[in-house]
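Student: Let me begin by handing over the structure; questions about it come next.
The values are calculated or read from the model by the stated rules, or taken from the named source; none is laboratory data. Bear in mind that the values here come from a model prediction, so they are computed numbers and not experimental data. Reconstructed Cβ throughout: ideal geometry from the backbone, glycine too, with neighbour counts over all protein chains shown. The protein model used for the area step is the full one, side chains on, heavy atoms only, and it has no ligands, DNA or RNA in it. Shrake-Rupley method; radii C 1.70, N 1.55, O 1.52, S 1.80 Å.
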Amino acid sequence: MTSTGTDEAPDDRRSRGPLTATLQIGRGPEGPRVRTTTGRQIALKAAGWALRILLVLFVLEIISKFLTADAMRWDVVGEYLFSARVLQGVGLTLFLTAVAMVLGCLIGLILALMKISNSLLFNVAADGYIWLFRGTPLLVQLLFWYNLASFLPKLTLGIPFGPQWFEWDTNTVISSLIAALLGLGLNEAAYMSEIIRAGIQSVDQGQSEAAAALGMSRRRAMRRIVLPQAMRVIVPPTGNQVISMLKGTSLVSIVAISELLYTVQVIYARTFETIPLLVVACIWYLVLTTVLSIGQHYIEKYYARGATRSAPDTYAQKLRKLLPRTTPSSGLKEKAPV
């Protein structure tokens with residue numbers, strides 16, 4: 001009996017074997033398959049849209065309460081948003097952030113190299129530093145450096161328990177600004193050392209071995225081979241630390257540094273416009289963190305060149321996925337049976 005199309009004898013199908021069997025996609029024994037939507041899928045989709053609508057309404061309600069509150073004086077916000085004193089506070093906040101992060105990264109790099117070295121003395125010293133500065137609150141460290149003169153009236157340099165060669169007055173050397181920079185920078189170094197160490201150890205050991213085979217010294221291999229590859233792991237948490245440092249500079253108001261928060265505190269202590277001035281500070285913090293986040297994104301993209309990882313969808317791509325698609329479904333064309 002002769003068969004045509006897909007109607008084949010059982011012997012013919014058995015003789016073809018597993019590698020020569022005909023593969024039919026999207027077509028059942030009675031024709032092409034049609035996807036059907038069950039009631040459960042419809043209910044889940046409706047519930048998802050209901051949750052989205054409730055979330056949007058909740059956010060709009062919070063925004064409306066914030067914008068229409070009686071204590072909110074937007075004319076006062078506009079008056080002080082770009083005032084000279086507030087802009088000076090913003091500039092000092094950026095200065096503290098930049099200097100403290102540079103100090104923290106440099107000391108953190110030295111501590112990271114000490115931790116991964118083979119010297120027991122270096123390991124213990126680095127671990128002791130990290131244990132001390134990461135285990136005590138930043139506010140306590142700021143107060144300690146600010147009140148250092150009550151503990152050490154004179155700063156001296158010389159032989160331990162012996163003659164001292166140089167001597168300085170502590171109040172002259174440790175001003176409010178220096179105390180703020182020491183507190184922020186030394187505390188940040190404890191965190192950056194762990195970030196840098198994790199980035200260095202994420203690089204495969206074969207990279208260092210290949211550099212040694214090419215005749216590179218360990219220092220040159222670290223600078224030319226290991227650190228550039230470790231930056232892909234170091235940059236994301238470092239960006240978070242920069243943003244955290246920007247907001248952490250508000251703590252130096254306790255030592256009378258005229259950064260952004262201290263500036264608005266001085267103003268609303270005189271005008272009694274507390275909420276509008278705090279909103280001014282929040283607006284500037286949000287603007288600065290947004291700029292830093294955008295910069296972090298492009299730095300991560302630069303150091304991630306050549307890495308095989310999938311980038312997350314942008315907001316525009318996520319929005320397009322939510323919209324209904326009207327494009328016709330494209331199926332696989334099948335040849336008609338001979």
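Student: Identify, by number, the condition in (1) part of a helix (DSSP H, G or I); (2) open to solvent by 50 Å² or more (accessible area, probe 1.4 Å) that Trp165 doesn't meet.
Tutor: (1)
Student: I'd like the full set of residues that are under 14 Å from Gln229 (Cβ atoms) and part of a helix (DSSP H, G or I), limited to segment 186-208.
Tutor: Those that are under 14 Å from Gln229 (Cβ atoms) and part of a helix (DSSP H, G or I): Ile196, Ala198, Gly199, Ile200, Gln201, Gln205, Gly206, Gln207, Ser208.
Conditions tested, residue by residue: (1) modelled with pLDDT of 85 or more; (2) open to solvent by 10 Å² or more (accessible area, probe 1.4 Å); (3) not basic (Lys, Arg).
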{"residue": "Glu209", "(1), (2), (3)": "no, yes, yes"}
{"residue": "Ser217", "(1), (2), (3)": "no, yes, yes"}
{"residue": "Arg224", "(1), (2), (3)": "no, yes, no"}
{"residue": "Val233", "(1), (2), (3)": "yes, yes, yes"}
{"residue": "Ile243", "(1), (2), (3)": "yes, yes, yes"}
{"residue": "Thr249", "(1), (2), (3)": "yes, no, yes"}
{"residue": "Ser253", "(1), (2), (3)": "yes, yes, yes"}
{"residue": "Leu260", "(1), (2), (3)": "yes, no, yes"}
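Student: Kindly check whether there is at least one residue in segment 125-146 that is more than 29 Å from Ile243 (Cα to Cα) and either open to solvent by 70 Å² or more (accessible area, probe 1.4 Å) or touching a Lys or Arg at 6+ places or on another chain (Cβ under 7 Å) (or both). I'd like the intermediate steps shown before the answer.
Tutor: First, pick out the residues of segment 125-146 that are more than 29 Å from Ile243 (Cα to Cα): none.
So far as segment 125-146 goes, no, none of its residues is more than 29 Å from Ile243 (Cα to Cα) and either open to solvent by 70 Å² or more (accessible area, probe 1.4 Å) or touching a Lys or Arg at 6+ places or on another chain (Cβ under 7 Å) (or both).
Student: Let me ask another. Which number in (1) open to solvent by less than 70 Å² (accessible area, probe 1.4 Å); (2) modelled with pLDDT of 85 or more marks the one condition that Gln201 misses?
Tutor: Here Gln201 clears every test but (1).
Student: Confirm whether Val77 is open to solvent by less than 70 Å² (accessible area, probe 1.4 Å), of a type in the set (Val, Ile, Thr), in contact (Cβ under 8 Å) with a residue 12 or more places away in the chain and part of a helix (DSSP H, G or I).
Tutor: Answer is yes for this residue.
Student: Does Ile178 satisfy the condition of being surrounded by fewer than 16 Cβ atoms within 10 Å (Cβ to Cβ), at pLDDT 85 or above, in a helix (DSSP H, G or I) and within 30 Å of the chain's Cα centre (by Cα)? It would help to see each step written out before you state the result.
Tutor: Details: surrounded by fewer than 16 Cβ atoms within 10 Å (Cβ to Cβ): yes; at pLDDT 85 or above: yes; in a helix (DSSP H, G or I): yes; within 30 Å of the chain's Cα centre (by Cα): yes.
Yes: the conditions hold for Ile178.
Student: While we're looking at this one, here's another question. Among the residues of segment 60-74, what is the count of those that are touching a residue at least 12 places away in the same chain (Cβ under 8 Å) and either in a helix (DSSP H, G or I) or among the hydroxyl-bearing types (Ser, Thr, Tyr) (or both)?
Tutor: The total comes to 1.
Student: Go over the candidates Val252, Val233 one by one and state the one that is under 28 Å from Val86 (Cβ atoms) and in a helix (DSSP H, G or I). Full working, then the answer.
Tutor: Working: Val233 fails: under 28 Å from Val86 (Cβ atoms).
Residue meeting the stated conditions: Val252.
Student: Within segment 87-99, track down each residue that is over 12 Å from Ile257 (Cβ atoms) and in contact with a helix residue (DSSP H, G or I) (Cβ under 6 Å, 6 or more places away or on another chain).
Tutor: Hits for segment 87-99 are Val90, Thr97, Val99.
Student: Only residues that are open to solvent by 40 Å² or more (accessible area, probe 1.4 Å), aliphatic (A, V, I, L, M) and within 30 Å of Ser193 (Cβ to Cβ): list them for segment 80-102, please.
Tutor: Leu92, Leu94, Ala98, Val99, Val102
Student: Out of segment 273-297, which residues are over 18 Å from Val76 (Cα atoms), among the hydrophobic types (A, V, I, L, M, F, W, C) and open to solvent by less than 50 Å² (accessible area, probe 1.4 Å)?
Tutor: Of everything in segment 273-297, just one residue is over 18 Å from Val76 (Cα atoms), among the hydrophobic types (A, V, I, L, M, F, W, C) and open to solvent by less than 50 Å² (accessible area, probe 1.4 Å), namely Leu288.
Student: So for segment 130-138 (the condition being touching a Leu at 6+ places or on another chain (Cβ under 9 Å) and not aromatic (Phe, Trp, Tyr)), does at least one residue qualify?
Tutor: yes
Student: Taking segment 147-156, which residues are assigned to a helix (DSSP H, G or I) and loosely packed, with under 11 Cβ neighbours inside 10 Å? Steps first, please.
Tutor: Applying the first criterion (assigned to a helix (DSSP H, G or I)) to segment 147-156 yields 148-151.
Those that are assigned to a helix (DSSP H, G or I) and loosely packed, with under 11 Cβ neighbours inside 10 Å: Ser150, Phe151.
Student: Just one of the numbered conditions (1) assigned to a helix (DSSP H, G or I); (2) over 24 Å from Thr249 (Cβ atoms) is not true of Met101; which one?
Tutor: For Met101, the exception is condition (2).
Student: Let me ask something else. Which members of segment 103-124 meet the condition of being within 28 Å of the chain's Cα centre (by Cα) and open to solvent by 60 Å² or more (accessible area, probe 1.4 Å)?
Tutor: Leu106, Ile110, Leu113
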